[in-house]
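What follows is a single structure, written as structure tokens, with notes after it.
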Amino acid sequence: MKSWFSLSPAHDYRLVSQLFLKGLAVIYFSAFLSLSVQINGLAGPHGILPLIELEQFYFQEFGTDALWMLPSLFWLNASDIALFGATVLGCALSVLLLFGLYQRLALIGLFLLYLSLTTAGQIFLNFQWDYLLLESGFLAIFLVDGPTRLLIFLYHWLLFRLRFLSGLSKLLSGDPVWRDWTALQHYFETQPLPHFGSWVAHQLPDIILRAGTGLVYLTELIVPFFIFLPRPFRIAAALLTVFMQLLIILTSNHNFINLLTILLCLFLIDDRSLMGKKHAPTTGSFTGKRWPQVAAALLIFSISLPLMYQMILHREPPVLAEWSKNLRRFGLGNVYHVFPTMQTERQELIIQGSNDHVHWKTYPFKYKPGPLNRLPPFILPHQPRLDWMIWFVPARHESSRYWFDRFMAALKQGNPTVLRLLADNPFPDRPPRYLRVLAYRYHFNTFAEKRQTGNYWRRELLGEFPNVPPRRP
């Protein structure tokens, strides 16, 4: 068995590496394009959480250390033009990468731009898929020189962390519906942005949904260890993981994370798998310096291992804890915990405005559930960050309260930049005098109920938010 810690060229992964770079270009393009239509409303000077306010606060509190604490190119300019321009430049660099032009320059630019936008977006871009893209893109900078055994291992380590820690977090959380294998009886209905496939899957018999939960455990707790075993096991891991990701795509709107996970599975196969047994692996020399890859490996392990230690044992490791936390903001070494707890009810917030406290008009969102006869459309790989974040508000965590209050204030002011994040403005002439938020419990209708009523949903009024019981978990 070849040593995966070797710096020798991985000749049997050259075609795989080239395909990965092209796939990464497509995912980068989709991520930047998705942000181009929302970043100003989220983080622009007139957005919900203006980046310029955060920069001013950090600089007043920490001086020049703020430059390190908020890694971003937008220290130079945090205007609407700069934020939008970064998304356009990101799309352009993605096209260069796709066609193999100035690949290293393009990858460095893509990493810096997406890191800057992640910092700018604050809570709206503080998601595991954003960090997964950053680490994948960071390692790709070294892939331009050609794959080495060490670099392939770093991608294996990234995929292992993503899959195994997501499964482990479900066990560590002690969540009862994961423990009794009923999680999928709730997941399709309660996830942030379900689509038609989610509604169909929710109708499946309980025995199939329980089997699906077992498949989750299999692919997240056992299959990840196949990554480090001989070639047949790695191929099996790739096939099972891809199969699971395709099922998720068919039943969920989860932006680009499933596509990126599938792309990472390329490193579990090799050129022989793609070209057939009669074709020998492509030969070639490693053209770059080896020490940057060693430095990258030490950096990622020094961040990821302490974070894993803390996640599993619930206490800080004796060494490297502060280092790990500080460098995590660069998107490297993240720990993953996809759906460690499962929501068992869906609370939807309906925001309304009025000028007389009698006649109320609803603010329509582009994608999240609202009208009973509408399901969110299939929008992969787009992620509407505002629609997604509204899903967290009923849990009443402090982290959601601040930005939601800012969002409501923007509606009260008739802020056009923020209103563009919605499907329509029901008060085009002047903002309403009053606002209210109604909380409803939503349930999927059955096939029969859908035929009878024409609605995918049924709902019951819980009261006026926040004067309702918080959603748990």
Below 8 Å, C-alpha to C-alpha, sequence gap of six or more: please give me the relative contact order for the chain in percent. 20 percent
To the nearest 20 Debye, how big is the dipole of the chain about its Cα centre, given +1 on the beta carbon of each Lys and Arg and -1 on that of each Asp and Glu? 880 debye
Histogram of C-alpha separations across region 1-155, 5 Å bin width, %: 2, 9, 18, 19, 16, 13, 10, 7, 4, 2, 0, 0
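If R₀ is 41 angstrom, what is the calculated FRET efficiency for the pair V358 and Q452, using the beta carbon separation as r and rounding to 0.05?
Numbers: r = 32 Å, r/R0 = 0.79.
The pair V358/Q452 has a calculated efficiency of 0.80.
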Whole-Å distance linking the alpha carbon centroid of region 37-82 with that of region 287-342 is 25 Å
Per-selection Rg to Rh, the chain - Cα, Kirkwood hydrodynamic radius: 0.98
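For region 202-280, what is the per residue volume of the convex hull drawn over the alpha-carbon atoms, in cubic angstrom? Before the final figure, lay out each step's value.
Details: hull volume 8.5 nm³, N = 79.
That works out to 108 Å³ per residue.
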Of F267, S304, F339, which is farthest on the positive side of the dipole of the chain, counting Cα position, with +1 on Lys and Arg Cβ, -1 on Asp and Glu Cβ, and the Cα centre as origin? F267
Normalise the Cα radius of gyration of region 80-147 by 2.2 N^0.38 Å (N = residues in it) and let me know the number. 1.12
Which of K366/K412; K170/K366; K22/K325 have a Cα-Cα distance over 23 Å? K170/K366; K22/K325
Using only Cα atoms, find the angle between the long axis of helix 14-36 and the longest principal axis of the chain, and express it within 0 to 90 degrees, rounded to the nearest 10. 20 degrees
Using DSSP to call loops (not H, G, I, E or B), can you name the trypsin sites (Lys or Arg not before Pro) in region 1-97 whose Cβ has at most 16 other Cβ atoms within 10 angstrom? K2
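Starting from the alpha-carbon convex hull of region 402-460, give the projected area averaged over all orientations, in nm². Please report the intermediate quantities before stating the final value.
Values: hull surface 23.2 nm².
Across all orientations, region 402-460 yields a mean hull projection of 5.8 nm².
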Return one number: the angle in degrees, 0 to 90 and rounded to the nearest 10, between the long axis of the Cα atoms of helix 398-413 and the longest principal axis of the Cα atoms of the chain. 50 degrees
Could you state the principal axis extents of the C-alpha atoms in region 1-93, from the largest down, to the nearest angstrom? 54, 31, 18
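Could you order the peptides 93-103, 145-155 from most to least packed, using the average number of other C-beta atoms within 10 Å per residue? Write down the numbers at each step before the final one.
Working: 93-103: 17.9, 145-155: 22.0.
So the order, starting with the most tightly packed, is 145-155, 93-103.
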Cα axis of helix 231-251 to longest principal axis of the chain: angle in degrees, 0 to 90, nearest 10? 20 degrees
Can you give the Rg to Rh ratio for region 346-464, taking only C-alpha atoms and Rh from Kirkwood? 0.97
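Since every read-out is calculated from the coordinates, none of them should be taken as a lab result. Since the model is a prediction, treat every value here as computed from it, not as a measurement. With ideal geometry, Cβ positions are generated from the backbone for all residues, glycine too; neighbour counts draw on all protein chains shown.
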